[in-house]
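Everything below concerns the one structure shown next.
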Amino acid sequence: MNVTKTTALAHSNIALVKYWGKRNTQLNLPAVGSISINLENLHTTTSIEVKEHLKSDELFLNGNPAKKHESERVRSFMDLLRKKSGNKIFTEIISHNNFPTSAGLASSASAFAALSLAASCVFGLQSSKEELSELARQGSGSAARSIYGGFVEMKKGSRHDGIDAVAIQLAPKEHWELRLLIAITSESKKETGSTDGMKLSEKTSPYYKGWVKSSTPDIDEMRSAIYNKDFQKLGELAEFSCLKMHGLVMSSRPGLLYWNGTTIEVIHAIKELRRRGTAVYFTIDAGPQVKAICLPKDTIQIKKELEQIPGVKKIIETPLGGDARIIGGES
Ligand code: DP6
């Protein structure tokens, strides 16, 4: 191994068909497949350096030493690389998000995708994209999708060892120019993270089985909406999958509600825009921010309308992004 320091960048992504639930927690195998788009303006940059004197990995997030639970999650992820490479080295990891993490925007997807790429490099693993996606999945399910740019499908897979639970690129970003407007409605941290939320839904929701069973047709339809560039179909399905996931989440016991009042106001505003003839659809992850999906020509008008809603703190606009990539390295 000759590379001892490297830097990788990965974009965040937003699911159009949602992942919620696991068929194996140990390997982090999803219970359902998912489809996402990769976001250009939201990314994580991760530098990793081998340090001979370290007895465990050290993690810095956005300029500060990471919290205990964050370090633990990353250390057990790094153990996977030590095991895979047979190399017992420890590293210093410095990670930055260019988007507000306090705003509850998903960061684990871009973070574990960037870390998978950078860490594979310093551990001397010549990993293919598929292997990187498999590795990233073990850090966070949605991270498997952030290895690729554009339109991405995460396969649920059927094998026990999980090697077929990986993402593939359906189409590069150039295939179809879409825009995303993210309405930030709260900057406080959510109470229940996705991993715990999923566990609760699996254990307690009477709707869980139906959720798992009904996901395959959503995937098939979304794939064809993307290939055929059918925006109405893409939007309607994205809203369906989003509301179905939140319905599942709300039907857990105790019920989880990731939305605030402004989340609902933004949903109504998007529906109203549509009634007036503008093609725009919403999707929402495990948090209160609303992501409006639209075509480039309508971006300015939609942004203007959403900005005016009381409670919307700001709007982040982004086109689709590219693959995770190495952006720097030293020997
Ligand atoms: C609502 O990928 O954060 O954003 O695998 O437990 O780390 P873990 O979960 P995570 O879950 C993402 C859930 C979601 C939907 C999605 O991105 O598909």
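Against the list (1) assigned to a strand (DSSP E or B); (2) under 30 Å from GLU236 (Cα atoms), the condition VAL32 fails is (1).
The number of residues in the stretch 306-329 being among the acidic types (Asp, Glu) and either surrounded by 18 or more Cβ atoms within 10 Å (Cβ to Cβ) or assigned to a loop (DSSP other than H, G, I, E, B) (or both) comes to 1. Taking the stated definitions as given, is ILE300 in contact (Cβ under 8 Å) with a residue 24 or more places away in the chain, open to solvent by 70 Å² or more (accessible area, probe 1.4 Å) and more than 26 Å from SER188 (Cβ to Cβ)? Judged against the criteria, ILE300 is not a match. Filtering LYS190, LYS173 for residues that are basic (Lys, Arg), under 24 Å from LEU16 (Cβ atoms), at pLDDT below 95 and open to solvent by 10 Å² or more (accessible area, probe 1.4 Å) leaves a single hit, LYS190. Just checking, how many residues over the stretch 225-258 are farther than 19 Å from TYR19 by Cβ and open to solvent by 40 Å² or more (accessible area, probe 1.4 Å)? The number of residues fulfilling the criteria is 11. Among the candidates THR283, THR278, THR299, the residue that is outside the structural domain of LEU39 (by TED's automatic domain parsing) and within 16 Å of the ligand (Cβ to nearest atom) is uniquely THR283. Residues that are out of contact with any Asp or Glu (no Cβ under 6 Å at 6 or more places or on another chain), small (Gly, Ala, Ser) and under 21 Å from ALA143 (Cα atoms) within the stretch 293-327 comprise GLY322, ALA324, listed in sequence order. Every residue in the stretch 17-52 that is away from the ligand (no atom under 14 Å from the Cβ), open to solvent by less than 30 Å² (accessible area, probe 1.4 Å) and either over 19 Å from ALA324 (Cβ atoms) or among the aliphatic types (A, V, I, L, M) (or both), please. ILE48, VAL50 - these are the residues of the stretch 17-52 that are away from the ligand (no atom under 14 Å from the Cβ), open to solvent by less than 30 Å² (accessible area, probe 1.4 Å) and either over 19 Å from ALA324 (Cβ atoms) or among the aliphatic types (A, V, I, L, M) (or both). Scanning the stretch 134-152 for residues that are under 17 Å from ILE219 (Cβ atoms) and within 12 Å of the chain's Cα centre (by Cα) gives ARG137, GLY141, SER142, ALA144, ARG145, TYR148, VAL152.
Among the residues of the stretch 21-40, those identified as closer than 16 Å to GLY157 by Cβ and touching a Phe, Trp or Tyr at 6+ places or on another chain (Cβ under 9 Å) are GLY21, PRO30, ALA31, VAL32, GLY33, SER34, ILE35.
For the stretch 203-214, give me each residue that is in contact with a Ser or Thr (Cβ under 9 Å, 6 or more places away or on another chain) and more than 13 Å from GLY247 (Cβ to Cβ). Before the answer, list the steps.
Taking the stretch 203-214 as the starting set, the residues that turn out to be in contact with a Ser or Thr (Cβ under 9 Å, 6 or more places away or on another chain) are 203-208, 211.
Across the stretch 203-214, the qualifying residues are LYS203, THR204.
Put simply, of GLU191, GLU221, GLU131 the only residue that is out of contact with any strand residue (DSSP E or B) (no Cβ under 7 Å at 6 or more places or on another chain), without any contact (Cβ under 8 Å) to a residue 40 or more places away in the chain and within 15 Å of the ligand (Cβ to nearest atom) is GLU191.
Would you check if SER71 is of a type in the set (Gly, Ala, Ser) and either away from the ligand (no atom under 11 Å from the Cβ) or at positive phi (or both)? Step through it out loud before you land on a result.
Working: of a type in the set (Gly, Ala, Ser): yes; either away from the ligand (no atom under 11 Å from the Cβ) or at positive phi (or both): yes.
Criteria met by SER71.
Scanning the stretch 97-118 for any residue that is within 16 Å of the ligand (Cβ to nearest atom), of a type in the set (Val, Ile, Thr) and open to solvent by less than 30 Å² (accessible area, probe 1.4 Å) turns up nothing. With respect to the conditions (1) open to solvent by 10 Å² or more (accessible area, probe 1.4 Å); (2) within 16 Å of the ligand (Cβ to nearest atom); (3) in contact with a helix residue (DSSP H, G or I) (Cβ under 7 Å, 6 or more places away or on another chain); (4) within 30 Å of ASN87 (Cβ to Cβ), ILE147 falls short on a single one, namely (1).
The values are calculated or read from the model by the stated rules, or taken from the named source; none is laboratory data. Because the structure is predicted, anything quoted here is derived from the model rather than measured. All Cβ positions, even for glycine, are placed from backbone atoms using ideal geometry, and neighbour counts span all protein chains on display. Calculation scope for accessible area: heavy atoms of the full protein, side chains included, ligands and nucleic acids excluded. Shrake-Rupley method; radii C 1.70, N 1.55, O 1.52, S 1.80 Å.
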